[in-house]
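Read-outs throughout are calculated quantities, based only on the coordinates presented, and are distinct from any laboratory measurement. Note that the structure is a prediction, hence the values are computed from the model and not measured. Quick reminder, even Gly has a Cβ in these numbers, built from the backbone with ideal geometry, and neighbours come from all protein chains shown.
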């Protein structure tokens, strides 16, 4: 089987779903699920294969190349799995809304184009798939209308700036090396002048940084993630922003090359060190802004930026452990953040709100959703036994042992911000008082529970047996020219500190069991209702007040003045200035023929004057 | 062999932790011109509590407290004590940092299900305070790990026994002082007793606990006290090759802690954060800079 067939099925399936939904809605839904599951199976079939084929030669003189290697496979399997699970989740989420055929078309089209991005072997097809992804993402972000239109607009404007930068970078590369296939480009820049490399770097950094939502380019992400339909938010946060990370990996380690990338610039101010600090800023500031949010999805959206910071920190640090940790975190973030967005989706589906201040107590009515949210929360915090722990451990370890404790400090403080805000997330939705009006809320439907359970399982599986994905990741980093890691199924062995997750798992589970037996031996406790509470002789009235509102109020008062998103304010002020400027320019279109005639005559007069004065022609 | 070592460590930690709880009540009483309860009182209390009735608010209410206690016990296996450290090769100090989180997290999850406003306030304070002391604590940990160039706590203890105690060696002196300054916050003792604050919020996260739950949470406190002090002894006072000597070192630190506990009134949460982010953080930060420069 060749890679073309994979792409043909992906794109063909998307359009077939659309036409089937036009005929019968149910048929379209079933076909969407089938095609997305089939894609997972087909991608899995390519495991361990290394292919490269030219599938079209005459595209404006460029050969279009497809490839499949471990890096592509790793991303492709993540994309298709997250895609399939969120399509399953969409079944009941989107049913009953209008334009579902359009929704499924866009969802599958985005998945297909992302697969296209990771399997494309030259920058032209990369760019084509990239644009398909950007535009269909824009259409889906605005699916809900209302504030979603603004969010989508913000996204597409920044995205276009990124695309233009990428196009300029490609032109620059083509004009000096005459080729755009990645295999031929890799390593050509070893002897290029620093100024040239820097300009190429800046252009591609804008392109991938916007998509990856790295700190100065992050401002499109919070509104886009929170306004999009929840299953799509899962894809948006899980895989679409990872395309930026894929671009970075491709650019740093394949096109520029490891040696050139790490050795670029004077030691302390070198390029990769600068990127690490950008990653550290991306971890800290957005994580603490997330702490202030009261909208569940907006909170998660800000955390997406924060977690991207870890990925940036890992992949741009350029050591085996760091790059492996960064790549592993790409997968991990895709799983736990998608899971968290799906749980919010389930809550929103049942209650119609995602306001953290008005929810509470859903552990009683939606237990499976709670377990999903808890596992996702533990994953993003990086508690041992979840996959998030392993990837963060790898990143911290390399930062500390390579003598960069301040970077490690930024990353660790970010973790504590995550702990605080994600606990608030779980507490305000699932713990505390269940409001009267939500007493009769039903469980999430099975088609929502299934993806959540699968994601929870993956998070714990990769947390206890991190060797499974790390073996694949090890192959990727070796292909980048980094040293191979000593991977075992239970973690990583090394002289400077071994990680053994099975030991940790065994000891935690055993201790929990022992404590459980001890508490079993004591007298049985009586289960009481939530109203049956100690309140110093009175009772806690139901629904009189919400004690989840302003959960960290004393802290908010201290940190809020320092946490303004001034980058966003800056962009918005530029946008306003441009709007005013174009408003002025627009006035020349007066709508009167006389004035247009005057412009023409004035222009001709200017031409004649120029000719007489300087005799140009 | 390893299981036996673990068993011994848990027993030792239990005895030391409970002894500390009893001792603190005794010394506090003497400072306040009282006689105080016998030193075995906490153990008697726990046995009594296990036989009393209790109420529960649901599965997570039961499970959270188990997780919390288990998390604190697991910590004991990661810290070397008198030459024993069964989990020495399972991730080192980075795992310790995260496993320390299981205790408060379990307690918070358990209390969260009870839907009591006092508990919510208590949990919120607990996490804010945790953020407060984690900032200097992380800087301290990073200084130690950077200075010794390893993430394994066993290695750190070994290198201290070969050279000087970290507390006595100049690059880490400031970090050591910073650790002492945040130790009361780490253990929830006065002046950072605001999580429980029985007079304001009816002992916060523990409001709904009775009977066996109260027993488990007391045990958790005992183990947590052990862990907090043991970490200091291992990182800064050079650990020890036998448990008796280790215990002596812990005792000195603990008595210091009780004196602070006896003298100071309670901080408000914002005062606590301001304190924690000022002096201890400043010292720890300068300490880390010194370490980076020296090495």
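Quick notes on this one:
- Mean shadow area of segment A:207-353, taken as a quarter of the surface of its Cα convex hull (nm²): 8.3
- Measuring spread by the Cα atoms of segment A:269-331 yields a radius of gyration and Dmax of 12.6, 39 Å.
- Residue A:355-residue A:572 FRET efficiency (beta carbon distance; Förster radius 25 Å; 0.05 resolution): 0.55
- Sequence of A:122, A:440, A:568 once ranked by neighbouring C-beta atoms within 10 Å, starting from the fewest: A:440, A:568, A:122
- Contact order normalised by residue count of segment A:332-415, Cα under 8 Å, 6+ apart, percent: 28
- For chain B, average projected area of the Cα convex hull in nm²: 15.0
- Measuring r between the beta carbons of residue A:523 and residue B:15 and using R0 = 35 Å, the FRET efficiency lands at 0.90.
- Taking Cα atoms only, the orientation of helix A:296-317 departs from the longest principal axis of chain A by about 70 degrees.
- Both radii come from the Cα set of segment A:1-66: Rg as radius of gyration, Rh as Kirkwood radius; their ratio Rg/Rh reads 1.11.
- Considering only Cα atoms, the convex hull volume of segment A:507-617 works out to 406 Å³ per residue.
- As a length-normalised measure over Cα pairs under 8 Å and 6 or more apart, the relative contact order of segment A:267-520 settles at 22 percent.
- Shape parameters for segment B:12-162, alpha-carbon atoms, Rg then Dmax in Å: 18.7, 53
- Translational diffusion coefficient (Stokes-Einstein; Kirkwood radius from C-alpha pairs) of segment A:399-472 at 37 °C, 0.692 mPa s, in µm²/s: 200
- Mean separation of Cα contacts under 8 Å, 6 or more apart, over the residue count of segment B:20-109: relative contact order %: 27
- Coordinate range along principal axes, alpha carbons of segment A:39-106, Å, largest first: 46, 32, 14
- Residues considered: B:34, B:25, B:190. Largest GNM mean-square fluctuation over chain B, using C-alpha springs under 10 Å, is found at B:34.
- Normalised per residue, the volume of the convex hull around the Cα set of segment A:163-233 (Å³): 113
- For segment B:68-143, the normalised intensity computed at q = 0.14, 0.17 Å⁻¹ comes to -0.55, -0.76 (log10 of I(q)/I(0), Debye sum over alpha carbons, equal scatterers, no solvent).
- Value of Rg to Rh for segment A:20-154 (Rh from inverse mean 1/r over Cα pairs, i.e. Kirkwood): 1.02
- Distribution of pairwise C-alpha distances over chain A, 10 Å bins, in %: 3, 15, 25, 25, 16, 8, 4, 2, 0, 0, 0
- Relative intensity, log₁₀ I(q)/I(0), of segment B:170-286 from a Debye sum that treats every alpha carbon as a point, q = 0.15, 0.20 Å⁻¹: -0.77, -1.19
- Counted over all Cα-Cα pairs of segment A:567-614, pairs farther apart than 11 Å make up 74 percent.
- Taking Cα atoms only, the orientation of helix A:501-521 departs from the longest principal axis of chain A by about 30 degrees.
- For chain A, the longest principal axis of the Cα atoms and the long axis of helix A:593-614 meet at an angle of about 60 degrees.
- Selected from B:279, B:165, B:33 as most flexible by GNM, with chain B as the system and alpha-carbon contacts under 10 Å: B:33
- Kirkwood Rh, Cα atoms: Rg over Rh of segment A:267-520: 1.00
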